[in-house]
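Please treat every number below as a calculation from the coordinates, not as lab data. These numbers were taken from a predicted model, which means no experiment stands behind them. Quick reminder, even Gly has a Cβ in these numbers, built from the backbone with ideal geometry, and neighbours come from all protein chains shown.
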Amino acid sequence: MPEKNDKPISANAAFAKLQEYEQRSDSFAPGRGQGRGPLGEWSGITFRLGETRLACDSERVQEILSIPQSTPVPGAKPWILGLANVRGAILTIVDLTWFLTGKRSAITVRSRLLFSQLHKAPVGLLIDEVFGQRHFLNDDATDAGLDQDSPLNWLVSKKHKVGAETWHELDLARLFESQEFLNGAAD
């Protein structure tokens, strides 16, 4: 029961408090900042392309999808498999292995799409298998150590060792900025 000296909160003060909560919520990023986990920690989606285990920043991946039916795009490079309607969004499906190596991916029951955004346009990157989400520390990263002729060299600069597993950190931002990737028109 309130005491006689307690004053009711004014509507303006209550509204200001709600705005403060909203601002704090909008600026919250797990794993970053004081009291929110170690600095330099990031979460990655772990997956496989061929025999290479990769991780990419989970903030760049909106969803992991099964492979939907798609419609081929006339005049597109062969690694653009087609367009698909995913809940009303037109998704461009890209075979990431084919783009990087020139060899088409074998689509299996484990194949998935990493649903991401390329300049606000939905894009689905076909990968061989998704393992899940893992947390990595930037301080634990070492040089990627890929073979000189690896098609991933320009997209992977570091790797993380977690137990017996090695995860190469794939830079989706660099992929999405490359002119070769952006130019999907056939030659």
Using only Cα atoms, what Kirkwood radius does the stretch 44-179 have, in angstroms? 15.4
Is it possible to state the helix-based mean residue ellipticity at 222 nm for the chain, with each DSSP H run of 4+ residues giving -39500 (n - 2.57), the sum divided by total residues, to the nearest 500 deg cm²/dmol? What is it? -5000 deg cm²/dmol
Between Q148 and R174, what's the calculated FRET efficiency when r is the beta-carbon distance and R0 is 22 Å? Round to 0.05. 0.75
List every residue whose amide H lies under 5 Å from the amide H of E129, counting only residues 5 or more places away in sequence or on a different chain, with H placed 1.01 Å from N in the peptide plane. R48, R112
Which one of A16, G75, G132 is farthest out on the positive end of the charge dipole of the chain, using unit charges on Cβ (Lys, Arg +1; Asp, Glu -1) and the Cα centre as origin? A16
Could you size up the charge dipole of the stretch 44-179 around its Cα centre, putting +1 on the beta carbon of Lys and Arg and -1 on that of Asp and Glu, and report it in debye to the nearest 20? 460
